[in-house]
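Written below as C-alpha cells is the structure these notes are about.
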C-alpha cells in the first residue's frame, strides 16, 4: 500500500512554464475590455492629480525641494500599482476560481495549481504595469517627470505588483466570499496606503509608525520610485527592492500551498 | 503501442477520508481499454471523489492507482495530457466565443492553433456547433454548452474520456444528443469512464458498471449480467392505493416482495401467477422487466433516489 505525499501536503510550490497559457488567457479576456480598462487607468490618476496635486497642492506648495503635485504624482504611481494588482488578485482571481470555475477547467488539463497561481500573480503584476505606465504618460504630459529615467520605475513597479499580487492571493485562498476582502482593505491596504509616504513624507509620522510602515512593501517601493520619477537618485536600492521581493517569494509559497489544500483536498 | 496493453484504470483499495469519514472506502476498479465503464450510485456514494482521484486531483489516503499505465497522483500531469475531462458543472469561459473556448483550452495542453489544423473545425462539427462558432457562451443552450464541453475534452485526442454526470440537467432531446456522441467516441476506440445516477443512461451506454453506495462498490458487471445474477426477470409494481392494500391482500401467498416508500415491488421469473393474484385482489399493477434500479435496491436495501 502506498501513501504518496500529495501536492496538498507539499510545502514548496513547483510551478512550470505552463503558467504562460494561464497568463495569456487572462490577457485575451482583458483585450476585449481593453478600451474601458485603459480609460480607467488614465482617468483615475488624472482625477487624483487634479484634486490632490492642484487642489491640495495649492495650499501646501512644496514638499522639501519638490512641488507637491510632483511629489504626489510619484506616490500615486506606486499606490495605483498596488490597488490594480490587489484588485485583480482578489476579485478577479476569486471569480475565476469560484464563480466561473475557470481554474477547475484548467485543472482538467495538464496544468497544476502552482502554474495557475503563478500565472495569476504575473498577470496581476502585468496589470499594475499598465496602470503605472498610464500614470507616467499623464504625468509626462503635465510636465511632472524628471526625465527618461522615469522609465526605470517600470521594472520596480512590476516587482511591486508581484509582491502585492502574491499577498492578495493569500487572502483569496482563504476567502469564502467576496465580503472577506474588506478585512484586507481595512486592516492592511488602507493603513499601508496612508502611512507609506504616498501623500506626505514619512518623516511627518512618529518614528514608531514609520518603522512599522517599513515592515510593509509599499514604503520601500515609494523610496525607489519617487527619485526615479522625479529626476533624483534612489538610495539603498538593494534593501528597498529586497523587501518587495521577499514579500513576493514568501507570499507565493504560502498562497500556492493554501490553494493546493483548497483545490486538491 | 505497448502502453495500449495497460488497462485503462487499475485501482486497488482506494480510500479517501474527509474529517475522519471515509467517502471512498476501499474501492477496487479495473477498467478495460475501449470500454464504456459507469460508476452508478446515489449522490454521496463517492462517485465524484473516485473520479477526482483517477485524475490526480484528490490524492487517495491509501490504495494503489494506475491510469493508462501512469501511477497517480505521482504522474497526474502526464496522465491528464492523455485524458479528456467533462466536469459535472459547465466551466466554459463565458468571455470567449465557442471557437476561442477550444483554442484557449488547447493552449493549456501546449497546443497552438497552427498545430491543431482542422481539429477545431472537426470538433465543432462533432458538437454540431459549426454554425455557432462565433457565438459567446452565455448565448448557448444547456445542451449546446454540454456538447461544447465534450468537444473541449477531445481537444488533445484523449485515449480516455472521464465524464461526471454527462447528461444531468439536460432535457430529453439534448440527452439523446450527448448519448449519441458518447457512443461515437466509444466506436472510435476511446475508453469512457462516467458517473451517473440515471439507470437509463447506465443501461444504454455502459458495457460494464460498478454500483457504488456509501463509498464502496457493491457490484460490478455488465448491466445485463447484474440484473440476471441478482434478480428475478420481472417486477410487478403496485403504487399508491394498490400498494397500501396489498400487504393484507397478499398475505399467505409465497411472493417475493419489497416495499419502497409508496410502492410495493413483487419479483418473479414467471409473472403470470403474481399478476393473477394481484388482479384477484382487485388491484391495479404495472408489469416491467427488472432493471438496474431493482438491483441497486436489492443490493443496498434502499432506493437510488434517496
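Data overview
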| read-out | value |
| --- | --- |
| Square roots of five times the Cα gyration tensor eigenvalues for segment A:39-263, Å | 32, 18, 16 |
| Size descriptor, Kirkwood hydrodynamic radius, that averages inverse alpha-carbon separations across segment B:2-228, Å | 17.9 |
| CD proxy at 222 nm, helix term only [per DSSP H run n ≥ 4: -39500 (n - 2.57); per residue of chain A; nearest 500] | -20500 deg cm²/dmol |
| Degrees, to the nearest 10: A:153-174 long Cα axis against longest axis of chain A | 50 |
| Most to least packed among B:106-119, A:73-86, B:85-98 [average Cβ atoms within 10 Å] | A:73-86, B:85-98, B:106-119 |
| Angle between chain B longest axis and helix B:172-187 axis [Cα atoms, degrees, rounded to 10] | 70 |
| Length released on extending from residue A:46 to residue A:176, taking residue separation times 0.36 nm less the Cα-Cα span | 43.3 nm |
| Percent antiparallel among DSSP beta bridges (both partners in the protein assembly as shown, rounded to 5) | 70 |
| Segment B:251-284 versus segment B:1-58: alpha-carbon centroid distance in Å | 38 |
| Gain upon complete extension [residue B:13, residue B:115; 0.36 nm per residue less C-alpha separation] | 32.7 nm |
| Tensor-based shape of segment B:232-289 (alpha-carbon gyration tensor, a/c under 1.5 rounded, otherwise prolate or oblate) | rounded |
| Relative exposure of A:251, B:141, judged by other C-beta atoms within 10 Å (fewest first) | B:141, A:251 |
| Average beta-carbon neighbours from other chains, 10 Å sphere, peptide B:85-96 | 5 |
| Separation of the residue B:229 and residue A:194 label points, Cα + 7 Å toward Cβ, nm | 7.2 |
| Ranked list, fewest to most other Cβ atoms within 10 Å of each Cβ, for A:103, B:179 | B:179, A:103 |
| Computed FRET value (nearest 0.05) for residue B:279 with residue A:99, which takes r as the C-beta separation and R₀ as 45 Å | 0.20 |
| Order of A:220, B:197, A:240 - criterion: other Cβ atoms within 10 Å of each residue's Cβ, fewest first | B:197, A:240, A:220 |
| Extension gain from residue B:263 to residue B:122, taking 0.36 nm per residue of separation minus the Cα-Cα distance | 45.9 nm |
| For chain B: relative contact order, % (alpha-carbon pairs under 8 angstrom, 6 or more apart) | 20 |
| Residue-averaged 222 nm ellipticity for chain B, from DSSP H runs of 4+ at -39500 (n - 2.57), nearest 500 | -10000 deg cm²/dmol |
| Inter-part distance where segment B:101-134 and segment A:66-105 are each reduced to a Cα centre, Å | 33 |
| Mean-position separation - Cα centroids, segment B:158-182 and segment A:230-245, in angstrom | 58 |
| Estimated distance in nm for a label pair at residue B:207 and residue B:21, the labels positioned 7 Å out from Cα along Cα-to-Cβ | 3.6 |
| Highest-MSF residue in chain A out of A:23, A:148, A:123 [GNM, Cα springs under 10 Å] | A:148 |
| Average other protein chain Cβ within 10 Å of Cβ, residues B:150-163 | 1 |
| Using alpha-carbon coordinates, inclination of helix A:68-87 to the longest axis of chain A, degrees | 10 |
| Bridge type composition, segment B:2-228 - antiparallel percent by DSSP, nearest 5 | 55 |
| Segments B:144-155, B:162-173, B:218-229 sorted - mean Cβ within 10 Å per residue, highest first | B:144-155, B:162-173, B:218-229 |
| Label point 7 Å beyond Cα of residue B:272 along Cβ direction - residues of segment B:235-249 with amide nitrogen under 18 Å | B:235-236 |
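Each reported figure results from applying straightforward, stated rules to the coordinates on display, with no laboratory input. All values reported here derive from a predicted model rather than from experimental measurement. In this analysis, Cβ positions are derived from the backbone assuming ideal geometry, glycine residues included, and neighbour counts consider all displayed protein chains.
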